[in-house]
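The values are calculated or read from the model by the stated rules, or taken from the named source; none is laboratory data. The structure presented is a predicted model; accordingly, all values stated were derived computationally and were not measured. Methodologically, a virtual Cβ is constructed for each residue, glycine included, from the backbone with ideal geometry; neighbour enumeration extends over all protein chains shown.
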Amino acid sequence: MNNKIWLSSPHMGGTEMKYIDQAFEDNLITPFGNNVNAFENNLEDYLFKGRDERIHVAALSSGTAAIHLGLILLGISKGDEVLIQSHTHIASANPILYAGAIPIFIDSELDTFNICPVILEEAIKDRISKGKKPKAIIAVHLYGNPYKVDEVRDVANRYGIPILEDSAEALGSSYKGRYCGVFGDISALSFNGNKIITTSGGGAIIVRTKELKDRTIFLATQARDNAPYYQHSVVGYNYRMSNISAGIGRGQIEVLEKHIAIRRDIHEFYRTVFSEIDAVNVFSVPDDNYFSNYWLTIITIDFDKSMGRTPEELRVFLESNNIESRPFWKPMHLQPLYEEFPYYGEKISEKLFLSGLCLPSGSNMTEDDKKRIKISLYKFFNIR
């Protein structure tokens, strides 16, 4: 049996152990230390390019933790309404429930597959008419592809609603020359094992001021008051990134640009493969304002042209050849956990879920892997 070709597996750069060994040498096997501080500085320096103002980064245990703390920093509490795109991973939505708030799901648009600004504004108007103005918007750069940044910001500003930008999949992607992660009032990153760079698990929050960074770290370390004993006045969390994980991150950020270039090359590989298959569309960003890291290359299948072949049949066929692929995220408003919450839109996110598939896109993909994938795809679609 051929080796497994994974959807997106960790890809080490080679220098990670240097930073991990230093943590062991210093005996800083802790949620603080030189690696944590340096990794935060690395991210700040990277994201600062092209910015008029400095941003501040706090390294956390996960991207989910970053979204949760972001909601807290925005003042979200029990009963508040938070607008969020339905087509996303559940980790974008669950923190709304952690905060005791109410998710309001918004449909996608077809240019970026992300939150639709038109429907977003319709939802805001309707919620206001019902006497409940939403308190925040969570907008996601799905699969590494930037959402309609200007349009969403225009809507948010028009109604005075802050944006929590979910850049979990979009480190290195940009819009009009500015990196994803700087467009929200607060933003979140993820360094899960399948992301473009990883800290094994881990995430980060991006805020505008040093005071907000300090507040984040306070909340992420059990919210201990400034006292010689353990005194707590507010609820805190165990959300800080470990010094070991941050050491991995320091090594990974050294190869970030290389990994982005490889994933973009993989995207071009798929565009070439599917140029002969009329039934398949390889998603690409709409114009030159958008730059995607193409964390995952995603396709949609036109059922009218595919002779009945479905994304699920392709997924199963690839799996039989030891090649991992994955359906699009199932929309949140269709999830059992969230089906009772309000949803605004048509059926774009549902149609995307039914027609879409994520293909292997890891930066450690070999030329032999590409050959196997191409052969399998051509066999499935009867291309000789």
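Could you check, for the stretch 149-169, whether at least one of its residues is in contact (Cβ under 8 Å) with a residue 40 or more places away in the chain, among the hydroxyl-bearing types (S, T, Y) and surrounded by fewer than 24 Cβ atoms within 10 Å (Cβ to Cβ)? Scanning the stretch 149-169 turns up no residue that is in contact (Cβ under 8 Å) with a residue 40 or more places away in the chain, among the hydroxyl-bearing types (S, T, Y) and surrounded by fewer than 24 Cβ atoms within 10 Å (Cβ to Cβ). Could you go through the stretch 325-338 and let me know if any residue there is of a type in the set (G, A, S) and in contact with a strand residue (DSSP E or B) (Cβ under 6 Å, 6 or more places away or on another chain). Within the stretch 325-338, one or more residues are of a type in the set (G, A, S) and in contact with a strand residue (DSSP E or B) (Cβ under 6 Å, 6 or more places away or on another chain). Residues of the stretch 250-263 that are surrounded by fewer than 19 Cβ atoms within 10 Å (Cβ to Cβ) and either of a type outside the set (A, V, I, L, M) or touching a helix residue (DSSP H, G or I) at 6+ places or on another chain (Cβ under 6 Å) (or both): E254, E257, K258. Just to be sure, is D80 under 24 Å from P327 (Cα atoms), in the same structural domain as L212 (by TED's automatic domain parsing) and charged (D, E, K, R)? No; evaluated as a whole, the condition is false for this residue.
Taking the conditions (1) within 22 Å of the chain's Cα centre (by Cα); (2) farther than 30 Å from D126 by Cβ in turn, K374 satisfies each one other than (1). The number of residues in the stretch 201-219 being surrounded by 16 or more Cβ atoms within 10 Å (Cβ to Cβ) and under 23 Å from I253 (Cα atoms) comes to 11.
Remark: pairs (first residue in the stretch 297-309, under 24 Å from S361 (Cα atoms); second residue hydroxyl-bearing (S, T, Y) and part of a strand (DSSP E or B); Cβ separation under 7 Å; 6+ apart in sequence or on different chains) are absent. Could you say which residue among S363, S355 is of a type in the set (G, A, S) and in contact with a Lys or Arg (Cβ under 9 Å, 6 or more places away or on another chain)? Going through S363, S355 in turn, just one is of a type in the set (G, A, S) and in contact with a Lys or Arg (Cβ under 9 Å, 6 or more places away or on another chain): S363. Within the stretch 1-23, residues that are aromatic (F, W, Y) sit with their Cβ atoms under 7 Å from residues that are part of a loop (DSSP other than H, G, I, E, B), at 6+ positions apart or across chains, in these pairs: W6/E324; W6/P360; W6/G362.
Scanning the stretch 274-301 for residues that are in contact with a strand residue (DSSP E or B) (Cβ under 8 Å, 6 or more places away or on another chain) and over 20 Å from Y147 (Cβ atoms) yields a count of 4. Just a yes or no: is a residue in the stretch 79-101 more than 19 Å from the chain's Cα centre (by Cα), modelled with pLDDT of 95 or more, β-branched (V, I, T) and more than 13 Å from I205 (Cα to Cα)? No, every residue in the stretch 79-101 fails to be more than 19 Å from the chain's Cα centre (by Cα), modelled with pLDDT of 95 or more, β-branched (V, I, T) and more than 13 Å from I205 (Cα to Cα). Considering only residues of the stretch 135-171 that are β-branched (V, I, T) and part of a strand (DSSP E or B), which is farthest from I186 (Cα to Cα)? Applying the filter and picking the extreme gives V140.
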